[in-house]
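Novice: Encoded as structure tokens, here's the structure I'll be asking about.
The values are calculated or read from the model by the stated rules, or taken from the named source; none is laboratory data. The structure presented is a predicted model; accordingly, all values stated were derived computationally and were not measured. FYI the Cβ positions are ideal-geometry reconstructions off the backbone, even for glycines, and counts take in every protein chain you see.
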Amino acid sequence: MPPALVGKVAHRLATRARWRLLEYAFWLAALASFFLLPNRHLILTEIAWLALFALSLDLILGYAGIISLGHAAFFGLGSYLAALLAKHGIVNEPVLALVLSGLCAAVLGFATSFLVLRGSDLTRLMVTLGVALIMREIANQIPDITGGADGLQGVVIAPILGLFQFDIFGHVAYAYCLIVLFILFLLARRVVYSPFGLSLRAVKGNPLRAASIGISVNARLVTIYTFAAFYAGIAGALLAQTTAFASLDVFSFERSADLLLVLIIGGTGYLYGGLIGAVIFKLMQDWIANLTPQYWQFWIGLVLVLIVLIGRDRIALRTGGVRLLAERITRRFAPAAAPVAVPPGEGS
Amino acid sequence: MLTILFDGIAYGMLLFVLACGLSVTLGLMNFVNLAHGAFAMAGGYITLVLVNRAGLPFFAGLAVAFVVTAFIGALFERTLYVHVYGKSPLDQVLFTIGLVFMAVAAVDYVMGSQQVFIQIPSALQGRFEIFGVGVGRYRLLIIAVCGILTLALQLILSSSRFGSRLRASVDDARVARGLGINVNAVFSLTFAVGSGLAGLGGALGAEILGLDPTFPLKYMVYFLIVVTVGGTSSITGPFAASLLIGIADVAGKYYVPKFGAFVIYTIMIIVLILRPQGLFARAAGK
């Protein structure tokens, strides 16, 4: 390739990946929430790990087009591993245990990724669902290790880095989750704006064409699936560490289904979708659960039905408009930037 | 040994009646209906109310369950599902999961969350022995009813005019439309009958499968397994798959209780990997 072209492409990629003003605002708001809402740290902690979990699903659904009904398999594995590592004192330091749990989930993701390569969307749905069910059944059938249906109790989490002890108000937990979320978000951002991320979008758009311009489709899918499993494992481990508990519930179908809703609320195919979705979902859940503690699932179901009936495209168009506006404002504040093409095709 | 086989067959037959509607929905419209179990649950609860509270005879309860669920199915199909056919599988999944959540919470609200049982006539309780094989009377009834239904379905599909229209629509909806078959009407009717059968299955199976508001979620996987293993192109495929799953599940739970549920999940995944079109499907032309 001529060096001029290389430079042009590199410049193009760099412009695409530049931080927008709104992104700074988002993370500043997240930071501010830590100081301004000290009484709400418990629910904010939940939002943080849910956001990470949704980000993980977005990586495969929004960027690679793999529908999964069993993402809880990795979440649950990470959760149980983190709890077990702490309970038996194998790895006491939470951060190290976190990474280990994530890596184990990634191994499971790698092993099962070959199952999702084949077949239609329906086959993928079934296979991912089946994997999550098998994981749940395994956890259910070895009560000596996992505690079975009672859950894994008596977990004591050591102070983070030996310095910060978890407190009952969730201050440390929230800071911890937020930092982990931010770091992993940066990593994910780096990945999706890289040429690799672009090739994923090509695969999602049309696998056949992607293959014919020289992208090894299967290798890409395996890589991103494994990567997403790592994220889901970390999210699960965060849950286990902040609650010092793990139960069969982490593998449940409802968890995978709720996760889809989270991501759909926020919008698929851009990194903030999962994050914004997590905030809205948790606040909504909290609000509905206060109104009708037992039947909040009904309203969640209603939201799902309405979203589909109204049409995700139409909703995405709205948010797309907001984003376009944001781009325009950003550009005004950064006049040096070349015009940036908005990545198309956020629907489906 | 034979008793287990017998129980397995009864279980499998029940699964077939529950799931055959789903297999047609999937095959005909490529529609992923995760809410199929909700219709089964509706049938179960309708029978429960009629038999336990209103004192209707058991068999009349079954018949009403079939009719009412079929009606509900047709209503839902015309008002809600019809908007979702053209959408992506993801949308269909979200939509039907939403319906399941709503159904679960609504039944919980109306009927309470505890497991319930339909009173079955005393003539159907207990078991007797034939040639040393223990045969539960109720299970025998299930096999009889489901067997008759299966035969009737097979006859309708293979030799009635409606059956040939349905088969034509499943094979290639576009060409079928071109030949003047009203595919949508065929589909509505099939959906209604499928829902009705699910309702009947739910009512019949309440004794064996148990009935509580989480029924659609608990058995959703089983229905999907039947359909994926059996394929969607015929009725014999899901039938064979149901028997296979039923016997494997009962035998698995009996002989290796530690691995009970693994057996069918593993069967499903292996089949999906080796034969994504289903075990008994013809080579797909589409």
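Novice: Scan the stretch A:255-292 for residues that are without any contact (Cβ under 8 Å) to a residue 12 or more places away in the chain and within 21 Å of A:S68 (Cα to Cα) and report the count.
Specialist: Total satisfying the criteria: 1.
Novice: Go through B:A65, B:A35, B:A40 for me and flag whichever is at pLDDT 85 or above, more than 14 Å from every other protein chain (Cβ to nearest Cβ) and under 23 Å from B:G237 (Cα atoms).
Specialist: Answer to the selection: B:A40.
Novice: Sticking with this structure for a sec: I'm trying to understand the selection: among the residues of the stretch B:29-46, which are under 14 Å from B:I72 (Cβ atoms), buried (at least 24 other Cβ atoms within 10 Å of the Cβ) and not aromatic (F, W, Y)?
Specialist: B:N33, B:A35, B:H36, B:G37, B:A38, B:A40, B:M41, B:A42, B:G43, B:G44, listed by residue number.
Novice: Within the stretch A:151-173, is there a residue that is within 30 Å of A:V279 (Cβ to Cβ), in a helix (DSSP H, G or I) and either in contact with a helix residue (DSSP H, G or I) (Cβ under 7 Å, 6 or more places away or on another chain) or not β-branched (V, I, T) (or both)?
Specialist: yes
Novice: Test of understanding: among A:L59, A:L115, A:L81, A:L129, which residue is surrounded by 24 or more Cβ atoms within 10 Å (Cβ to Cβ) and under 16 Å from B:M268 (Cα atoms)?
Specialist: Testing whether each residue is surrounded by 24 or more Cβ atoms within 10 Å (Cβ to Cβ) and under 16 Å from B:M268 (Cα atoms) leaves just A:L129.
Novice: Turning to a different aspect of this structure: Take the stretch A:14-42 and flag every residue that is over 20 Å from A:G273 (Cβ atoms), surrounded by 14 or more Cβ atoms within 10 Å (Cβ to Cβ) and either out of contact with any Leu (no Cβ under 8 Å at 6 or more places or on another chain) or not hydrophobic (A, V, I, L, M, F, W, C) (or both).
Specialist: Matches in the stretch A:14-42: A:R40, A:H41, A:L42.
Novice: Looking at the stretch B:2-16, which of the residues that are over 12 Å from the mean Cα position of the chain (by Cα) and within 12 Å of B:L140 (Cα to Cα) is surrounded by the most Cβ atoms within 10 Å (Cβ to Cβ)?
Specialist: B:A10
Novice: On to the next question. If the requirement is being within 14 Å of another protein chain (Cβ to nearest Cβ) and under 21 Å from the mean Cα position of the chain (by Cα), which of these qualifies: A:T123, A:T112?
Specialist: A:T112
Novice: Hey, another quick one. Tell me, yes or no, whether the stretch B:83-91 has at least one residue that is in contact (Cβ under 8 Å) with a residue 24 or more places away in the chain, in contact with a helix residue (DSSP H, G or I) (Cβ under 8 Å, 6 or more places away or on another chain), surrounded by fewer than 24 Cβ atoms within 10 Å (Cβ to Cβ) and not hydroxyl-bearing (S, T, Y).
Specialist: yes
Novice: Going through the stretch B:74-91 one residue at a time, which ones are at pLDDT 80 or above and more than 8 Å from chain A (Cβ to nearest Cβ)?
Specialist: Matches in the stretch B:74-91: B:A74, B:L75, B:F76, B:E77, B:R78, B:T79, B:Y81, B:V82.
Novice: Select from the stretch A:85-101 the residues that are over 17 Å from A:L239 (Cβ atoms) and of a type in the set (D, E, K, R) and list them in ascending order.
Specialist: Within the stretch A:85-101, just A:E93 meets the criteria.
Novice: Now a separate question. For a quick check of your reading of the model, give me the residue pairs whose first member lies in the stretch A:295-306 and is more than 7 Å from chain B (Cβ to nearest Cβ), whose second is β-branched (V, I, T) and surrounded by fewer than 19 Cβ atoms within 10 Å (Cβ to Cβ), with beta-carbon atoms closer than 9 Å and at least 6 apart or on different chains.
Specialist: Within 9 Å, the pairs are A:W296/A:I288; A:W299/A:I288; A:W299/A:T292.
Novice: So in the stretch A:234-284, with the set limited to residues that are part of a loop (DSSP other than H, G, I, E, B) and closer than 18 Å to A:C177 by Cα, which one is nearest to the other protein chains (Cβ to nearest Cβ)?
Specialist: A:L271
Novice: Follow-up. Would you point out which residue out of B:A185, B:A206 is part of a helix (DSSP H, G or I), at pLDDT 85 or above and away from chain A (no Cβ under 12 Å)?
Specialist: B:A185
Novice: On the basis of being surrounded by 22 or more Cβ atoms within 10 Å (Cβ to Cβ), more than 14 Å from chain B (Cβ to nearest Cβ), assigned to a helix (DSSP H, G or I) and of a type outside the set (G, A, S), does A:C177 make the cut?
Specialist: yes
Novice: How many residues are free of Cβ contacts under 8 Å to residues at least 12 places away in the same chain and among the aliphatic types (A, V, I, L, M) when one looks only at the stretch B:162-207?
Specialist: Adding up the residues that qualify gives 4.
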